[in-house]
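Notes to accompany the following structure.
The values are calculated or read from the model by the stated rules, or taken from the named source; none is laboratory data. It should be emphasised that the depicted structure is a prediction, and the values quoted were computed from it without experimental measurement. We place every Cβ from the backbone using ideal geometry, glycine too, and count neighbours over all the protein chains shown. Heavy atoms of the whole protein, side chains included, go into the accessibility calculation; ligands, DNA and RNA do not. Shrake-Rupley method; radii C 1.70, N 1.55, O 1.52, S 1.80 Å.
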Amino acid sequence: MSSSINISILAIVIFPSLLFFLPRTIIAMLEPNSPKLLKNACIGYTKGWNSSFCLEIMKSNPQIVLAKDLLHLTLSIIETGLINAIKTQIYMEENRKENILESRRALDQCHNLYHHIIGVYKGALIHVEKQKLYDVAGAEFSIAANNAEYCENWLNIHDIIDTHISSGNKVIKYLSLTGYNAVNDLMIADWITKRI
Ligand SMILES: *[C@@H]1O[C@H](CO)[C@@H](O)[C@H](O)[C@H]1NC(C)=O
């Protein structure tokens, strides 16, 4: 009896001090449905990163906003990315015929790149949802972000101005990097759970 009281006293003393020392991202993970969850996912480390734009994309999908924890946030990001990538790819297919040969080549390259983006997002879905292979999913998000950037480069090289594809590229880039942040946090959370 006295030892169980001791343990609960210990827990009361240790737990808050543990919270005090945990980085802010971890605290956000412990607060379900917190706007901090979105804010942390939108922290950018690259030049020209726009956190407000990132939050705008995230908030455009209620599923992302309502995500009750980091796992559901990640899964919603993957779903949103998949839907967006498929839409952009369909748009490329529909507009391919109307294009002159030179720009068709760029469009074909983008189409291929989007084929890969869709593939890695499908992979990330399985790796996060079923296998908890967050590091693999992180690599997949980074491939997706790069591919969107390569597509944008192809458009630039061939002087193609297509706001539809460019905004698609931007959305994939932002979603992939937020996904990358989210799986990194999942990896840390997983590591802490195993330690406690
Ligand atoms: C960042 O994004 C917000 C929201 O879309 C926009 O209003 C703002 O102009 C952007 N800032 C820059 C520097 O591009």
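Here are the numbers for the structure shown:
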| item | result |
| --- | --- |
| Condition check for M29: surrounded by 15 or more Cβ atoms within 10 Å (Cβ to Cβ) and modelled with pLDDT under 90 | yes |
| Residue check for E102: open to solvent by 20 Å² or more (accessible area, probe 1.4 Å) and within 16 Å of the ligand (Cβ to nearest atom) | no |
| Single residue of the range 162-196 satisfying the filter (closer than 23 Å to Y150 by Cβ and of a type in the set (V, I, T)) that is farthest from the chain's Cα centre (by Cα) | T163 |
| Some residue of the range 158-180 being in contact with a His (Cβ under 6 Å, 6 or more places away or on another chain), touching a residue at least 12 places away in the same chain (Cβ under 8 Å), open to solvent by less than 20 Å² (accessible area, probe 1.4 Å) and under 18 Å from I83 (Cβ atoms) | no |
| Residue pairs meeting the criteria (Cβ under 7 Å; at least 6 apart or on separate chains; first open to solvent by less than 70 Å² (accessible area, probe 1.4 Å), in the range 37-52; second polar (S, T, N, Q) and away from the ligand (no atom under 14 Å from the Cβ)) | N40/T25; N40/N181; A41/T178; A41/N181; C42/T178; I43/N181 |
| Any hit, the range 138-153, residues being at pLDDT below 95 and either of a type in the set (A, V, I, L, M) or open to solvent by 80 Å² or more (accessible area, probe 1.4 Å) (or both) | no |
| Tally, over the range 42-83, of residues that are within 14 Å of the ligand (Cβ to nearest atom) and of a type outside the set (G, A, S) | 12 |
